[in-house]
Amino acid sequence: MMTASNKTIVIAVAIVASLTFYFVFSVFYLPDYYQSLKKPSPIPYLSEVNISESNIQYGESFDIKITSTNLGDSADIQIVSLAFPNLTRIDDHVSIISHDFRQSPFFIEIDDDVVSNYASTFETIPAMYPSLEAYSRPWKSSETYHIGLEVTPDKAGKFVIFVKSVGLPHTNNQSHFPSDGLIDYQREFVKVYSVNVTEP
Amino acid sequence: MSSRTSDTSSGSAEESTQTTLDEEKYRRSKLKFKIGCILISLGVLLTLSSSSWDITNHLINKPETFFSTPHLLLYTGVGVAALGSAIMFVGKRSLANQGKFKLPMRLVIIGISMVVIAGPFDYTWHVAFGLDGLLSPSHIILTFGLFLASIGALFGLVFARNYSPLLTSQKGGNQIEQEGKPKQSVVLPSMDNLLSVIGILPLWLTAAGLLYMFSLPFSDTEFFDFNPDPTFAAIFATIGFPLLLSTILYLSYGLNYRFGILSIAGAAFLLINILTTMIPNEFLVPTISFYFLSIIPFVVADTILSFSKTKSLQYVAGGVLGSCSFMVYYPFITYVYKWAFTQDLVFPSLIAFVYSELMISSYSLLVGPLIVAGILGVVLGRYIISHSKILEQKIE
């Protein structure tokens with residue numbers, strides 16, 4: 001039969017052993033294990049950028065249709081950005097015809113705060129020209145989203161459109177699309193499209 | 001037998017019948033009162049669990065409408081708590097010695113009134129300023145109201161447990177430790193033990209909710225920036241969370257003096273956190289087994305408190321609980337310290353990485369203050385138990 005003092009010793013040993021196991025696992029083993037795991041890597045891809053007209057007359061409109069997908073791991077957020085360097089305001093000249101993103105796309109006007117260099121932090125810079133951001137939060141692996149816009153240029157000449165997509169967390173060079181080409185004021189790669197706008 | 005003797009026995013029979021009727025009436029009233037308290041506790045529990053899910057939902061899905069499933073459950077919880085307060089009130093009206101139940105009833109009425117006011121205020125705030133952050137005037141009113149209601153419901157459950165309407169002496173297990181030695185002869189029915197867990201959990205969750213409001217950086221919105229100062233948030237969390245954990249779990253032990261209740265309360269808290277913050281985030285699911293390991297310090301603290309009645313060992317139990325608070329409040333605690341160290345937010349998919357970085361780099365610095373705060377939690381728990389008993393006796 002176990003005496004009271006033996007019982008105390010057994011309990012004390014069990015307590016010390018349990019706490020040792022707990023702290024070794026929680027403080028040393030598991031953090032190292034989680035650090036060794038592969039970080040999720042979203043791979044955004046613009047599978048379709050369709051511009052309805054390559055030449056229009058001033059006062060006319062053209063349509064843009066974009067299809068974007070995520071070829072990598074689930075992203076917490078994936079963004080499709082369309083920028084219009086020729087415009088000074090966006091809301092009078094760009095309208096959203098349709099979209100199936102999880103959240104509502106939004107316009108960015110000149111001087112609005114935007115992040116740069118694929119960063120996720122609060123470090124922001126002022127926008128140099130108007131743009132539109134469509135995003136899904138989350139954007140699961142292999143999911144595809146679409147957006148259609150109607151654009152009316154505000155003057156004649158070459159009307160330029162910058163398109164890019166960024167997956168967050170931005171864990172490597174695959175987390176943005178395109179991966180080369182022109183770099184915009186946010187120090188991020190963009191694909192460039194244009195429409196000739198002629199005087200009537 | 002004389003007629004006089006006969007009259008006396010007839011009177012005794014009448015008195016006996018009357019006493020039986022009174023006992024039945026009081027038993028029913030007490031049952032109503034207890035059901036009211038239980039409904040309030042369950043309602044607050046549902047509200048706070050849904051709030052936790054709602055925070056996770058905002059982090060992962062950024063809902064754009066007020067009408068989401070977590071919000072629906074949150075306000076269902078409010079409805080259940082409001083119904084509970086009405087039943088509690090009906091039960092209290094019929095109870096003898098009503099003075100004893102005034103305090104819990106008042107706390108519940110004030111708390112539920114605040115919650116009911118907070119609902120439309122919250123909706124109006126959403127309409128006026130868009131989706132709000134964690135800390136907003138309406139959320140403060142809501143959470144503080146739930147906090148008061150959960151204290152009232154817990155007091156109600158404890159007072160009702162110790163209340164015997166037709167006896168002058170009170171019975172029950174809520175006895176103060178006499179020089180650190182609780183009376184082990186008092187054994188409660190298991191249902192009362194479980195009820196105390198149901199009473200304790202909402203109090204724990206509402207208090208944790210208040211701490212989160214002043215430490216999580218989720219309150220910077222389009223119109224208002226209520227985010228806490230990062231240094232303040234870190235200090236506040238380092239003291240507040242272990243203090244709360246230790247106090248609440250000591251109370252769960254001290255209200256029953258039975259092994260197992262502290263562990264059940266702790267396990268229930270872990271389970272609620274797993275259901276509301278980890279399962280909705282696919283990237284946290286692999287860390288559930290790590291998280292549930294925190295049942296170990298709960299069982300250890302439970303064992304220490306149950307098998308040793310010395311003050312110093314109770315403080316050891318508090319220190320053990322305090323030291324594990326960094327693990328128990330995972331995953332949200334990650335945001336607090338990341339915000340403090342880098343003023344940056346954490347992507348939901350990277351929580352486990354960032355948390356493990358913090359564990360490696362900072363836990364050794366935090367563990368001292370966590371232990372001290374855990375010990376203070378036991379001091380506070382002992383103080384609350386002794387004073388609630390004194391309060392109960394004064395009311396009588």
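The values are calculated or read from the model by the stated rules, or taken from the named source; none is laboratory data. Treat the numbers as computed from the prediction; the structure is a model and nothing was measured. As a convention, Cβ positions derive from the backbone with ideal geometry for all residues, glycine included, and neighbour counts pool all protein chains shown. Keep in mind that these areas ignore ligands, DNA and RNA; they rest on the heavy atoms of the full protein, side chains included. Shrake-Rupley method; radii C 1.70, N 1.55, O 1.52, S 1.80 Å.
Quick notes on this structure:
- Test result for B:Ile288, more than 10 Å from chain A (Cβ to nearest Cβ), over 21 Å from A:Ala14 (Cα atoms) and either crowded, with 19+ Cβ neighbours inside 10 Å or touching a Cys at 6+ places or on another chain (Cβ under 7 Å) (or both): no
- Selection count, region B:318-346, where residues are over 20 Å from B:Ile274 (Cβ atoms) and facing chain A (nearest Cβ under 10 Å): 6
- Hey, B:Thr65 open to solvent by 40 Å² or more (accessible area, probe 1.4 Å), among the hydroxyl-bearing types (Ser, Thr, Tyr) and either in a helix (DSSP H, G or I) or under 17 Å from B:Leu205 (Cβ atoms) (or both) or not: no
- Taken together, the residues in region A:85-99 that are at pLDDT 95 or above and loosely packed, with under 13 Cβ neighbours inside 10 Å amount to 2.
- Residue satisfying condition, being touching an Asp or Glu at 6+ places or on another chain (Cβ under 6 Å) and either more than 23 Å from B:Phe236 (Cα to Cα) or of a type in the set (Ser, Thr, Tyr) (or both), within set B:Ser294, B:Ser325, B:Ser349, B:Ser308: B:Ser349
- Looking only at residues in region B:271-285 that are in a helix (DSSP H, G or I) and buried (at least 20 other Cβ atoms within 10 Å of the Cβ), the one that is farthest from the other protein chains (Cβ to nearest Cβ) is B:Thr276.
- Boolean, A:Ser136 is away from chain B (no Cβ under 14 Å), among the small types (Gly, Ala, Ser), surrounded by 13 or more Cβ atoms within 10 Å (Cβ to Cβ) and under 14 Å from the mean Cα position of the chain (by Cα): no
- Among the candidates B:Ser246, B:Ser312, B:Ser306, the residue that is part of a helix (DSSP H, G or I), farther than 30 Å from A:Pro138 by Cβ and at pLDDT 95 or above is uniquely B:Ser246.
- Unique residue being crowded, with 17+ Cβ neighbours inside 10 Å and aliphatic (A, V, I, L, M) when the list is A:Ala156, A:Ala127: A:Ala127
- Qualifying residue in region A:56-72 (condition: surrounded by 18 or more Cβ atoms within 10 Å (Cβ to Cβ) and either acidic (Asp, Glu) or not in a strand (DSSP E or B) (or both)): yes
- Test: residue in region A:22-34 that is at negative phi, more than 11 Å from chain B (Cβ to nearest Cβ) and open to solvent by less than 60 Å² (accessible area, probe 1.4 Å): no
- Residue list for region A:172-200, restricted to those being surrounded by fewer than 20 Cβ atoms within 10 Å (Cβ to Cβ), in a loop (DSSP other than H, G, I, E, B) and at negative phi: A:Asn172, A:Pro178, A:Ser179, A:Asp180, A:Asp184, A:Tyr185, A:Glu199, A:Pro200
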